[in-house]
Structure formats: structure tokens, C-alpha cells
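The structure under discussion appears below in the form of C-alpha cells.
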Amino acid sequence: MSVLAQVANELTSSEVDIAQNIAFGIIAAAMIFSAFKTVTTANVVHAALYLVIVLAGVAAIFILLGSDFVGATQVLVYIGAIVVLFLFGIMLTKAQLGDDETVETERRSMGALVGVLLLVVMGYALVDTFENAELEFSDPEPIAFSEIDVKVSDVPTPVVDALPDVFGDRGGDDIVTITGADFATLVPEVQRRVPGAEVFGNNKQIADSIFSQYIVPFEAVSVLLLAALIGAIVVARKE
Amino acid sequence: MSGLMSFLAVEAVPDVSFTTDANWFLENVWIIPLLPVLSFFAIIFFGKRLPQGGAEIGIAAVGVAFVLAVLTNIAWLDHRDNFDYHDGQTRTHSEKHSDGDDHASAVIDVDGVPETVVLSFAEEGEDAGEESHPSVAVVNEMSWLTNGGIDFKAGTMLDGPAALMLFVVTLISLLVHIYSTDYVSGDRRYTHFFAFLSLFTGSMLAYVVSHNILQMIVTWELVGLCSFALIGHWWEEKPNSDAALKAFLTNRVGDIGLLVGMVILFFSAGGTFDVIEINEKAVSGEISQTALTWAAISLTAAVMSKSGQFVLHTWLPDAMAGPTPVSALIHAATLVVAGVFMIARLYPVFWYGFVIPGSSINGLALIGSITVVFGGLLAFVQNDIKKVLAYSTVSQLGYMVLALGVGAWTAAIFHLFTHAFFKAGLFLGSGSVAHSVHSFDMKNDMGGMRKFMPTTFKTFIICSIALAGVFPFAGFWSKDEILVGTGGFGVGAEKANGEYTLMLVMGLVGAMLTGAYMTRCIYLTFFGEFRGHGHPHESGPRITIPLIILSVFAFGAGFLNFPPGFLTGDAKKPSFWQERFGHFVEPLAAYFPPISHSVPSWWLAIIASVIGLIGPAIAYFYYFVLVDRKANETGEKLTELPNGPTSSIGFLKAGHTLLVNKYYLDHLYQNVIVGFTKGPLSKAAYWFNQNVLDGVVDEAGRSAERSGRFIYRFIDQGFIEGVVNGSGRASSTGGQGLRKIQTGKVQQYAALLFAGATVLAGIFMIVN
Amino acid sequence: MSPILSIEIPFWGQTIFRSIGGLAAALGPAGLLVYIYLFKLMSFVQSRLGPMEAGPQGSLQLLAEVGKFFQKEDIFPEKADRIVFALAPFVVLMSTFLLVLVVPFGPDAWFVNLDTGIYFALAVSSVSVIGILMAGWASASKYSLLGGLRAAGQLIAYELPLVLAVMGVVIQAGTLNMQDIVLAQAEGEIFGFGGLGNPFILTQFVGFVIFLIAMQAELTQPPFDMPVAESELVTGYMTEYSGIRFLLFFVGEFATAGVFSMIAAVLFLGGWWVPGLDPDSNLFNIIGPAVLLGKMFIVTTLIFWFRFTYPRFREDQLQKIAWKFLIPISLANIVVTGVLKVVF
Amino acid sequence: MMLNQFLLLAAVLFCLGVYGVLTRRNGVLVLMSVELILNAVNINLVAFGAFQDNVVGDVFAVFVIAVAAAEVGVGLAMVLLMYRNRKSIDFTEVDMLKG
């Protein structure tokens, strides 16, 4: 359940679109500006700090797309670890305070040419292919819920409050049936409190697919990380 | 009385295979293998700091595992007889195919409506007038990982043979652990020894409760690894480490067969590792005959190496280099029976693959019967007491494989069961003697030990008699059952699985040999004059008590499976104490082939007993009468006649030499195969290379030279030269130009790369 | 949607409300902590009275201190990178404010109920390293740079045990959502006895201890205050700061201490829940924040007690504790928790 | 929201990253530009995941992040080695292998 998806519960879909688009616009503008500064500024530390803004923007984009787990991972790994490593690297290689005019080659025009060419080709391809593709977010749905008979005393209060038709004035040891249709009317916060319901958020789906379908890539990545760790130590260690 | 299944009828195979809901002990058998494995780690990490060097952890773990195994067996008894397969928790064969991917727990329906399982097997047990009661295996599985659409599962499968093996392995391992605290005390790798003993036990236990062939392969290899570590326990001495390597490498040969066979099964069964599913498909004919045959042949190779069948048995006697308790464990309960157990576990594959029913010879039975006789013969020429026992094991394993080969499944398992006790008893007894005289050499260091070690002597005698198959000791019942099961000469009536006359003859010869070589062994060890040094004495209680326990089992284990008709006189009249063992172990379910049970034969039992006693009688006459008399005459410490038949009669002498050289198999492997490759084969290859290949090449060279000269003179100089020079100049100029591009500047390369990719992408876009 | 006091508030209104609440939830405890611990408890530990002049029992001392900092001149070192130098304290403070957002104060009283709750919290807590490095580098001073590098090394080293210690709780609760972690503790049972719920401090005691140690190091408090060791580095990355910007760092430190303690209370002490009451009752929306504050003070008392009583570690000892001691233990804790979770 | 706005944003980031890789001389800055490229890829992955309403994109984005961490670790180690050997991290000076 992302922040934006929560917003979606409270606003109509058109309003959501506007809010999301405004958010996207701001984030995208900040990202493009910062990315531009990252690749052009003469101050190495400033480049790293601009990179932080880009990375935070990417995290925001992920949350906007409903993948808050990847967003949090982005913050944890990129900002918390990779940029810090960059700053370490910069400071250990004695970057000077202030601008360093030697950071760029004389071949700027060549880079710019390739970049623009690439952008034109990719942009044309994207516009051509996905011109009308629209993103639709489905609410996270419970994967495992089936009709269930429960004692009223076992049902949390918010669920009872949210389903007046089902519970009515029954209480205590009365047995009621919560059907799939009733369940669907509940907001996700309440859904997860229904006995027997297992609400699969994005996290659980990601975990499920990493540890079943993509277990081999996962193991490969773990080995890769170990190899990189050892490699980095061997390469950087003083004899 | 519903518990007794009819043993005469070709039982209708029920459509039920397994259940996931049973007694707690049956569902949670995974704890039993886990305990010794945990104990392995505990000993490795903390063993050295403990007062007993880690032995106490091992004994405690195996002891608890033994108690659990006993409880599991009791629970299995109850489950076997009283499990109600009509309730909703059993999955049937047909249903399993419909939702085969689901987890086992999915069977219990969410909406609470119990599924009714209609058993479709016809009640054919009319002969005995009883309904066949299925023996439903208990399965506890979980999904380990999913990849490429295949669900890799991990779990346990408990049925009769598995429950039995749990009991045997834990009991023998427990006794071996206790025995070892005395036997290897003061050893430099005492802790290490117990750690591997635990792991060995744990892997074997995990092997017998394996739920799928993947687990079987893993634990099979683990067992092999542990045996390597234990055989090479005293690796400082070259022969020991050589023996360990030999065991490991010979097993590797068979393991290739194992892998190939398992892979064949996996693919031919439609991509499943599940033992029950593979067996079901083999029974129901969903796997083609060809695939089954090839799988069975490959797996037989694995059995030959692991269970020491003839031609690949050579590692087994050498494996005696390990400490004696290890030999006992290897030969009685763990390593070598793994192969036999694998045949039993995947029996439908062999049953249909080798076309066992209704035939009179097949590969499995042939290998087994050859091993029985050839292994037994080798035992006659050994001076090392453990090697006698080792060849005896080879021979007895031959019996088991023979029994499986002729379709006497229950007899094979029964022999495995009884053999475990008396062979463990014999090994531990030989260890006890050796511990006292510090040698294994019967001829030079033993003799007359009965005076010094009365307890060891008595237990050794009991176990030997059991091994020789004398009524009413354990070996008699199991061996007799195997012989009847062959159906040779028409014994076992019309109900036997085939008419394996050759196997019956070989089995009888084997029985005769068994008694004879054991008599020789007993004479050399326990009778005559003491030929060694020092003052031998009886071993301590930690050694003798396991021996006594094992000899009690060696005497009484056979009573578990009286043949039908015994004591009642009428084979068609079942009584409660008959066939208890078969009833306990034999799966009667959709994953087991419809084997039939032979009718016991009085006259065969008598003939076998007589033949079995002829061997010992001859040996007795030779040693106890002839040799003893000669020894008394000359006053020397004799172990054989100076002018015996093997040195005076020509063909016997030749045979003796053949046996001493172990049929020249080691020569075959080392000198002939390796030597041939190194010597004649490479020489031949060299000659071929020198004369034929080089001749061809030289001739080709010469003719090429001639034609080259011709071409040079007429074509090259005139026409080609100009073109060549021109192209040379062109490439030189081009190279000079292109050289400028190779600047060594990474970013320029990157720029070209990106630009090239972009241009390509643009072209693709335009084309599309 | 969460009705607050049964009044429908538009979304933008809620957003403002939440922002103000978040500021208050971070800054309020920070002020209390400074007064109670730094002024009073520390004096008590050292057998003295502490500030007594401003207000009764010195209770207004806090205001006096803030006023003092506001009056001071905002100095920039001559060679400093002015923008980075100015921004650094805000980055540190922002990390704290983002942290407090995911803390639940009652069954319906939360700022944001993220599915990734605790994972998000751990992620944003690592942002403060950037601020510290910025401050250290931009000050153009050797003390500051060394302090910044030391701080970054320390924070990265202790980030790992912090995350790994939380994993045990996450495995046991089966969720990353902090609200659900509280409910898992409220509805849990210990050997079938559900009267006390199952506060994870009982089953995850190892995790709790590791979390406290790692938290202490993340706060660069004694005994883990090498980066600001005054005898070696003056005050490390804060050396060149003065006036309001120094105050921001100072507030950030104590606000982070408060928020981390709240998170510890949520993870290990049952959050806003007290045993014996129905976790679904509306009562908790009112007393929940107070309960959480109370539990927060239990944790802060522990960490400040250590702060006032233990001497500082050496740099190599400090790294050794993290890599050779805390991380292996927390990995073992995860393995054991995972195995037990599967078995039971 | 349209899928394209994310993809185009990613394309711009990608091209800026390429520009950075091509024009920067400082080793650390080149690595940063590589990070820009990787992030552009991640945006694409997650956007397509959201577009197809599954988590495959998310899973692979997580993998890419892990691989990026490994890449930076080794890359920075190499830059440090280069600095130690040549007292400079200028990529244009590492051209001993030119033709």
C-alpha cells in the first residue's frame, strides 16, 4: 500500500491523476536538472550531492509507481551505501574543495552528439510504441481469502464497525459468515484484520517470487556480492 | 484379525498410495536423522572440550534417535493395521494426477467437506477370505524451491522398509558408538571419529526416509563421503588412505550409473523426483519399458559399486583399513545396504525393467548369484579375520540382490534385517579379539582365543551359526525364504515369481561355502594354540555388552517371520505369528508391484540345511581333525596341512592361486586396463600415428609441394602476385588509418559503441 | 481513510496536519530528552543539581538555551562551501522527520501507514550519513573532515547490525508494517498464554540488546562518540558550526534518539499497546501516544544511562565490535528465529 | 498516468548518463554516470512491472540494485588502486595500450 494508493482511496480517480501528474512533473524536473548538473558540474562533491537528488527522485518515482519496497531499497542501498562510498572515494582521493577544471575531457561535443542522437532514437521509439499505454493501478488484492465462519468475539472492532449489515446486533459467541463480497468492500487497513484473510501486499509478492521463481538469480546475486566483496578487498588492500 | 494380509493371493493393489496425516511419530521422522547430524556439528565444535571428547553427545543423540525409532516402529505397526483409508485425508492415485502440483496440505479442503475416496481395488483375496489392507506410506513434504516450473520438494516418506531401517540403523549405530568408546579410546582423532560416526548414521537415516530421488542421491553421496572419512581414519599410513581413495573412486564409478539412472527416471516419469510418483507411474505403465530397463541397468551399476557386487566389490575388503566399529557399521547397517535398499525402494523400476516375474534369469539375479559364490570362495584364502568377514558380507549382499532379482522382495529385506545383527556381531567380535591381540592376522597372531575371551567366543559362535543358516537361528529363516523365493525346480508352487533354478543352485552352494569358511575362521581364531604375543584377555563391558545384545538378536530375529504353515502344518491356514515381518515391511499400495509370495517347502528347507551343514562338516574334518592331529604329531602350531590338497592337487592349486589373487580383478583394473592403456594401446596408437597417419600426411605434403611448384611457376608469379601486393598495400594503408582510432582512450571506445548501437537501433526502427 | 476526531478533513488539510504533527512528534520528545536527561539525570549521576536558575528547578533552562543559540552569529568559515555547509544540518534533521512518519501511535493514529514500515524507517535513517559527510567536507577543516569520515564509517558499520537485529522481529511478526508488528505483539501468545501478549523483547531479547547497542552507535553517543571526540577532534564535523546551525545538529541528535527509542518501543515493547486492553478499542487512539511516550522513556533511560557512565571506545575497538561481534550474533539470531518460525 | 512519461524520463536520464560516461575524466564521476544509466534502467523495469501489473519488474530492479552495489564496490576499489599507483584518477591518462 503506497502513499499514493492511499491517496487514491480518498480522491476520485481524475483527481488522483492530477495530483500524481503534478508530483511526477516536479520530481522529473528536479531529477533532470540534477542529473544534468551531475554530469556537468566541475565540483566532484557537488556532483555526488546532485546524484543524491536524482537517486531520491528515482525512489520517489518508484513509490509513485506503487513499488514502495523497491523505493525503500533504493534509498537504503543507493543513498545509504553507494553515495556514501562515492563520497568516501572522493575524500580519500583528496578531491579539492571547490571546482576542479580538469574533470572533463575536451570531447564534450562528441558526448553531446552521441547523447542527443541516442535520445532522439529512443524517444522516437518510445513515443511510437507506447503512445497510448496508460498505467492503471489495481488495489492490492487479498490472494488467500475464502468464506469463513467466525465467532463475533474473535473479530476485531474495526471489522465489525465496517460491516454493519453482516454483524447487525449480533455479538459474543454468535457465528457469522464473512463472504468474499463483504470482504471486498473493506478498505485494505481493515481487510488485513479479518480473520483468515491473508492480504498479499507488494512486499509479499516480491518475496514470494524472489524465493521461489527467481531463487537461482537470487543465489547468483548473493555469490556475486560475495565475489565483489572479496574482489574489492583484494584490489584495494595495500600490499 | 483384519490386520493379517493374505499371503497366498496375488494381492489386488489398492489405489491408495500415501497419506499426509498420521501419528505424530510417523509424520515427524525427520527428527531422527536430524539428531545425529546436529550431534555431528556439536561434536565438531565443542567435542574437544568435553570430558568424554564428544562421545557423550554422539551416544545421547543416537540413543534418543533409537528411542524415537522404536516409537516410530510401534506407531507404524498401529498405522499399518488400523489406518482407516476410507476417511478423507488419503490421496488416491488418480486424484494425485489431477492436482499434482499442489502442496500436500491442500488436500484438506477449505470448505470442510471431506472428500470421499472410493477404493477401487477388487477384493481378490478370496483364497484367504480376507480383504487386502493397504499399507499406506506416510509422507510429510514441503516445497523447497521452484525453478523452471519444477517443484523441488523436500520431505520424508515413511513406510515399512523405512521404519525397519530406522530401527536397525539406530540400534546398530548405538551399539557401535558404545563399543567405540572403549575400542578407539586414546586415539589421536577420537573426537573426529565420533563426529563422523554421527554424520554417517545421520546420512544413512536421512537416506532411508528420503521422499524423492534427489534427496536419495544427496544422502547417498553423504554416506559415501563419511565412509571415505572413516575408512581413512588413520590416514597417516599409506594403505589406509589408499583404501579410502579406492572405496571412494570405485563408488564414483557406480555413482555415474546412479545419476544416469535417476535422470532417466526423472524425465521418463514426466519431470518428477517423487519416489512414490515414479513408482506409481512404473506400476501403471506410464513409463515405457525401454526407459525402465535402461534406468534399472544404470541403477544396478550403482548397486554393484555401493553394495559390493561382483566385479566392483574390490573396494569392500580394502575398506577394512578403517577402525573395526566402522567396518561393523558399514557392513551391517549403513553403507553397503544402501544399494540394496535403493533397489527395494525403487522396486517397480527393477521389477518391470528386468522383467522379473515369470522369467528364469535376469541381470540382477545373475549378479547376485555370482557374487554369492565368488565372494564366498574368496573368504577361504584370507588370513585377516576382518577380510574373511568382508568377503562374507559380499557374499551375503549377493543373497539380498539375488532375492530382489528373483522377486523375493520380502525375503531380501528380511535377510538384510537378520544379516545386520549377526554381521555386526561378528565384526565387533573380531574387533574384540583384535583389540586384545593387537592384530587381525588369524594365522600369526591368534589361535586358542576361546580360553582367553569366553564371552567374545560365545557371541562369535552364535553369530557364525546364524550366518551359516543353521536352524533355528536368524540366518536360517531369511536364507530359506530367499531359496524358496527363487522358485527353482518348481519349489514355492505356482505362486513364485518365476523359475530361477540357477539361482537356487548357486544359493545352495553359497550356503555350503558360508558354513565352511566360518568354520575355518573360528578354528583359526579360537581353537588350536595361541600363536601371538603378549597376554590376551577378555574385553571390557563396553565391548562385550553390545556383542551379547547382537547375539541375542542373531538368535531370535528370525522368529519374526515364520513361514506360513509353520507350526500349523497347513500353509493355507494362517496364524497370527506367521509372516509378521512381511506384513510389517511390505508395501501393499499403488506404488509397489504386485509381487507374489512363494509357498514354503519342507523338503527344500531340509535339503538346504543338509547342504549347509556339509560345508562346515568338511571344514571341521579338515581343521579340527586333520590339522589338529598333525599339530599334535609334530608339536608345531599349524594352521593348515603342510601337504594339503591345495598344494598337492593341480587344479585345486590353480584355484587357490586364483583366489589368493582375488580373481586377478585388481590386476585387471591396475595392470591390464591401466597398463594396456599405458603400454600396448599407446604403442599401437604411436605406430599407427607414425606409419599410417604420417605416411598419409607426408604423401599429401609431397604432392602438395609438387603441385605448389607448378602453381608457383605458372599462376602465382604471373597473376596472383599483383593482386596480393595490391591487397597488402591496401591493408597497410587501411591499418595506418584505422590505427588512429585505437587511441587507448576508453571513453572514445564507449562513444563509438554507443553511437554504433544507436545507429543500429535507428536502422531497425526505420526498417520496421 | 482515517477520521480524526470524527471530522472529515480534506487531503491537503490532513497533509498539513500530519506535517505539523510529525514536527511535534520529533521535536517535543527531543526537548524533553534534553531537559530530563542532559540537564537533570546527568547532574544526578554526577551528584550535582544541574541548572536551577531559569524557572522553578531550572525548568525554563531549555528556552534559555534555545534563545542563546538564536542570538549567536551564524559564522561561515572563509573557505567553506557555503551552500553545502548551510544545507548539511537540514539533511540530518530531515532524516529524523522522515523516520517519525512511520511510527504508529494508536490503532488509527499514524502519519503514514506504509506497508514497508520498518524497512522504510531503516532506509531513511541512513540518509543522515550524507548530511554528516556534507558537513565534514564543506567545513574546509581537517578536524571536520576527519570527524565526518569517522562518523560515516561508524554509521555504516552499525547500520548492518541495526537492520539485522530488526530482521528477527520482522520474521517473527511476519510483516514489515509497524502497525502490524504492534498488533502481532498484542495478539501474540506465549506458550498459549495470551494475557501479556507477546512483546518481542521476550523472544527477541538478543535482537533488542543488539538494537540498543547499534542505536547508541548510530546516535554517535558515548561510548561510541569517536567522531565527535572533543579531546582529539574538538567536536568533529560540528567544529565549525555555530549559532542556529549548531542548534539544528544538536536538536537532530536528541530528536533521533527519541525517534529511535520510539521505534525500539514499537518493535520490542509492544508500541502503543498495554496488556489487558483490546487493541482495537478507540481508547488507544487517545492514550496510545502517551503509552508509546512512556515506553520510549524506558528505552531512552537505558541509552542515556550508558551514555553518562561508560568511557569511549577506541576507533579499532569500535569497528571490531560491529563487524566481529554484533553482526555474527545478529546473523545467528536471524537463523535461529527463522528455524523456530518454521518449526512452530 | 501514462507509461510513456516514465519511459521518457528514464530515456533522458540514460542519455545524460551516457554523456557523463563519455565526457568525464575523473574516475569517480564516470562511475556516477554509470549509476545514472542503471537508475534509468530501473525506472523502466518498475514502470513496465506496474504496466503489466506484476512484480517481475520490481524483483529485477532489486537485483539490479544489488548488482550496482557490487559494481560500485569493485569500481571504487579500482579507482583507489589507480590513485595509489598514478596519483591521479584521470581516465584519459590510462591509455598505455593504444595502437
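Out of B:Leu68, B:Leu34, B:Leu77, which single residue is under 23 Å from B:Ala590 (Cβ atoms) and either of a type in the set (Ser, Thr, Tyr) or modelled with pLDDT of 75 or more (or both)?
Working: B:Leu68 fails: under 23 Å from B:Ala590 (Cβ atoms); B:Leu34 fails: under 23 Å from B:Ala590 (Cβ atoms).
So the residue among B:Leu68, B:Leu34, B:Leu77 that is under 23 Å from B:Ala590 (Cβ atoms) and either of a type in the set (Ser, Thr, Tyr) or modelled with pLDDT of 75 or more (or both) is B:Leu77.
Residues are listed down the side, and each one gets a yes or a no for (1) assigned to a helix (DSSP H, G or I); (2) at pLDDT 85 or above; (3) over 16 Å from the mean Cα position of the chain (by Cα):
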residue: B:Phe200; (1), (2), (3): yes, yes, no
residue: B:Trp220; (1), (2), (3): yes, yes, no
residue: B:Val223; (1), (2), (3): yes, yes, no
residue: B:Trp235; (1), (2), (3): no, no, yes
residue: B:Lys246; (1), (2), (3): yes, no, yes
residue: B:Asn251; (1), (2), (3): yes, no, no
residue: B:Trp294; (1), (2), (3): yes, yes, yes
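State whether the residues of the range C:121-130 include one that is free of Cβ contacts under 8 Å to residues at least 24 places away in the same chain, closer than 27 Å to C:Trp323 by Cα, surrounded by 23 or more Cβ atoms within 10 Å (Cβ to Cβ) and among the small types (Gly, Ala, Ser). Walk me through it before giving the result.
If we filter the range C:121-130 for residues that are free of Cβ contacts under 8 Å to residues at least 24 places away in the same chain, which is where we start, we get C:123.
Still in the running and closer than 27 Å to C:Trp323 by Cα: C:123.
If we keep only those that are surrounded by 23 or more Cβ atoms within 10 Å (Cβ to Cβ) as well, we get C:123.
This time we only want the ones that are among the small types (Gly, Ala, Ser), so: C:123.
Yes.
Being of a type outside the set (Ser, Thr, Tyr) and in contact (Cβ under 8 Å) with a residue 24 or more places away in the chain is the filter here; which residues of the range B:171-186 pass it?
B:Leu171, B:Ile172, B:Leu174, B:Leu175, B:Val176, B:His177, B:Ile178, B:Asp182, B:Val184
Would the range C:149-158 turn up any residue that is more than 11 Å from chain A (Cβ to nearest Cβ), under 22 Å from C:Leu293 (Cα atoms) and in contact (Cβ under 8 Å) with a residue 24 or more places away in the chain?
no
Could you check the range B:42-58 and list, in sequence order, the residues that are surrounded by fewer than 22 Cβ atoms within 10 Å (Cβ to Cβ), of a type in the set (A, V, I, L, M, F, W, C) and assigned to a helix (DSSP H, G or I)?
If the condition is that a residue be surrounded by fewer than 22 Cβ atoms within 10 Å (Cβ to Cβ), of a type in the set (A, V, I, L, M, F, W, C) and assigned to a helix (DSSP H, G or I), then B:Ala42, B:Ile44, B:Phe45, B:Phe46 are the ones that fit.
Just name the residue that is farthest from C:Phe284 (Cα to Cα) out of those in the range C:98-130 that are in a helix (DSSP H, G or I) and more than 10 Å from every other protein chain (Cβ to nearest Cβ).
C:Leu99
Only one of (1) at pLDDT below 75; (2) surrounded by fewer than 20 Cβ atoms within 10 Å (Cβ to Cβ); (3) not in a helix (DSSP H, G or I) fails for B:Ser598. Which number is that?
(2)
May I ask you to verify whether A:Ile26 is away from chain C (no Cβ under 13 Å) and out of contact with any helix residue (DSSP H, G or I) (no Cβ under 8 Å at 6 or more places or on another chain)?
yes
Please enumerate the residues belonging to the range A:38-48 that are without any contact (Cβ under 8 Å) to a residue 12 or more places away in the chain, within 11 Å of chain C (Cβ to nearest Cβ) and within 15 Å of D:Leu31 (Cβ to Cβ).
Once the filter is applied, which keeps residues that are without any contact (Cβ under 8 Å) to a residue 12 or more places away in the chain, within 11 Å of chain C (Cβ to nearest Cβ) and within 15 Å of D:Leu31 (Cβ to Cβ), the range A:38-48 yields nothing.
Which members of the range C:243-280 meet the condition of being over 17 Å from C:Val103 (Cα atoms), in contact (Cβ under 8 Å) with a residue 24 or more places away in the chain and part of a loop (DSSP other than H, G, I, E, B)?
C:Pro275, C:Gly276, C:Asp280
For the range B:320-351, which positions are outside any helix (DSSP H, G or I), modelled with pLDDT of 85 or more and either touching a Lys or Arg at 6+ places or on another chain (Cβ under 7 Å) or within 19 Å of B:Thr250 (Cβ to Cβ) (or both)?
none
Which of the following residues is more than 7 Å from every other protein chain (Cβ to nearest Cβ), surrounded by 16 or more Cβ atoms within 10 Å (Cβ to Cβ) and at pLDDT below 80: A:Ala60, A:Ala5, A:Ala56? Reasoning before the result, please.
Details: A:Ala60 fails: at pLDDT below 80; A:Ala56 fails: at pLDDT below 80.
Among A:Ala60, A:Ala5, A:Ala56, only A:Ala5 is more than 7 Å from every other protein chain (Cβ to nearest Cβ), surrounded by 16 or more Cβ atoms within 10 Å (Cβ to Cβ) and at pLDDT below 80.
Between a residue in the range C:308-333 that is farther than 12 Å from C:Leu162 by Cα and any residue that is not in a helix (DSSP H, G or I), which pairs come within a Cβ distance under 6 Å, given they are 6 or more apart or on different chains?
Hits for this filter: C:Tyr310/C:Pro223; C:Arg312/C:Pro222; C:Arg312/C:Pro223; C:Arg312/C:Asp225; C:Phe313/C:Pro223.
Could you give me the residue pairs with C-beta distances under 6 Å whose first residue belongs to the range D:7-25 and is in contact (Cβ under 8 Å) with a residue 60 or more places away in the chain and within 20 Å of D:Asp90 (Cβ to Cβ), whose second residue is among the aromatic types (Phe, Trp, Tyr) and part of a helix (DSSP H, G or I) wherever it lies, and which are 6+ apart or on separate chains?
Taking only residues 6 or more apart or on different chains, the pairs are D:Arg25/D:Phe91.
Mind checking which residues of the range C:51-90 are in a loop (DSSP other than H, G, I, E, B) and within 25 Å of C:Glu240 (Cβ to Cβ)? Step through it out loud before you land on a result.
To start, the set of residues in the range C:51-90 that are in a loop (DSSP other than H, G, I, E, B) comprises C:51-55, C:59-60, C:72-81.
C:Lys72, C:Glu73, C:Asp74, C:Ile75, C:Phe76, C:Pro77, C:Glu78, C:Lys79, C:Ala80, C:Asp81, listed by residue number.
It is to be established whether one or more residues within the range C:73-86 are β-branched (Val, Ile, Thr) and without any contact (Cβ under 8 Å) to a residue 60 or more places away in the chain.
yes
Residues are listed down the side, and each one gets a yes or a no for (1) surrounded by 11 or more Cβ atoms within 10 Å (Cβ to Cβ); (2) free of Cβ contacts under 8 Å to residues at least 60 places away in the same chain; (3) more than 30 Å from D:Val21 (Cβ to Cβ):
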| site | (1), (2), (3) |
| --- | --- |
| B:Gly679 | yes, yes, yes |
| B:Asn689 | yes, yes, yes |
| B:Ala700 | no, yes, yes |
| B:Phe710 | yes, yes, yes |
| B:Arg713 | no, yes, yes |
| B:Ile720 | yes, yes, yes |
| B:Gly726 | no, yes, yes |
| B:Gln736 | no, yes, no |
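Please find, within the range B:309-319, the residue that is surrounded by the fewest Cβ atoms within 10 Å (Cβ to Cβ) out of those that are of a type outside the set (Phe, Trp, Tyr) and assigned to a helix (DSSP H, G or I).
Of everything passing the filter in the range B:309-319, B:Asp318 is surrounded by the fewest Cβ atoms within 10 Å (Cβ to Cβ).
So that you can scan it fast, the table gives a plain yes or no per residue for (1) touching a Pro at 6+ places or on another chain (Cβ under 7 Å); (2) at pLDDT 85 or above; (3) surrounded by 24 or more Cβ atoms within 10 Å (Cβ to Cβ); (4) at the interface with chain C (Cβ under 9 Å from one of its Cβ atoms):
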position: A:Phe69; (1), (2), (3), (4): no, yes, yes, yes
position: A:Gln74; (1), (2), (3), (4): no, yes, yes, yes
position: A:Tyr78; (1), (2), (3), (4): no, yes, yes, no
position: A:Lys94; (1), (2), (3), (4): no, no, no, no
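Condition check: out of contact with any Leu (no Cβ under 9 Å at 6 or more places or on another chain) and β-branched (Val, Ile, Thr). Does D:Val46 satisfy that?
So D:Val46 fails the test.
From D:Ala50, D:Ala70, D:Ala40, D:Ala77, grab the single residue that is aliphatic (A, V, I, L, M), facing another protein chain (nearest Cβ under 7 Å), buried (at least 18 other Cβ atoms within 10 Å of the Cβ) and under 13 Å from the mean Cα position of the chain (by Cα).
After ruling out the rest, the residue left standing is D:Ala70.
Name the residue that is nearest to the other protein chains (Cβ to nearest Cβ), counting only residues in the range D:1-25 that are surrounded by 24 or more Cβ atoms within 10 Å (Cβ to Cβ) and touching an Asp or Glu at 6+ places or on another chain (Cβ under 8 Å).
D:Thr23
Pairs under 7 Å by beta carbon, first residue under 20 Å from D:Ala70 (Cβ atoms) in the range A:83-94, partner surrounded by fewer than 19 Cβ atoms within 10 Å (Cβ to Cβ), six or more apart or different chains?
If the second residue must be surrounded by fewer than 19 Cβ atoms within 10 Å (Cβ to Cβ), the pairs left are A:Val84/C:Ile156.
Would you be able to say whether some residue in the range B:172-189 is within 20 Å of B:Ala243 (Cα to Cα) and part of a helix (DSSP H, G or I)?
no
Can C:Glu187 be described as free of Cβ contacts under 8 Å to residues at least 60 places away in the same chain and of a type in the set (Asp, Glu)?
On the way: free of Cβ contacts under 8 Å to residues at least 60 places away in the same chain: no; of a type in the set (Asp, Glu): yes.
Taking the combined requirement at face value, the residue does not satisfy it.
The values are calculated or read from the model by the stated rules, or taken from the named source; none is laboratory data. Keep in mind that what you see is a predicted model, and the values were worked out from it rather than measured. Here the Cβ is made from the backbone with ideal geometry for all residues, glycine too, and neighbour counts use every protein chain on show.
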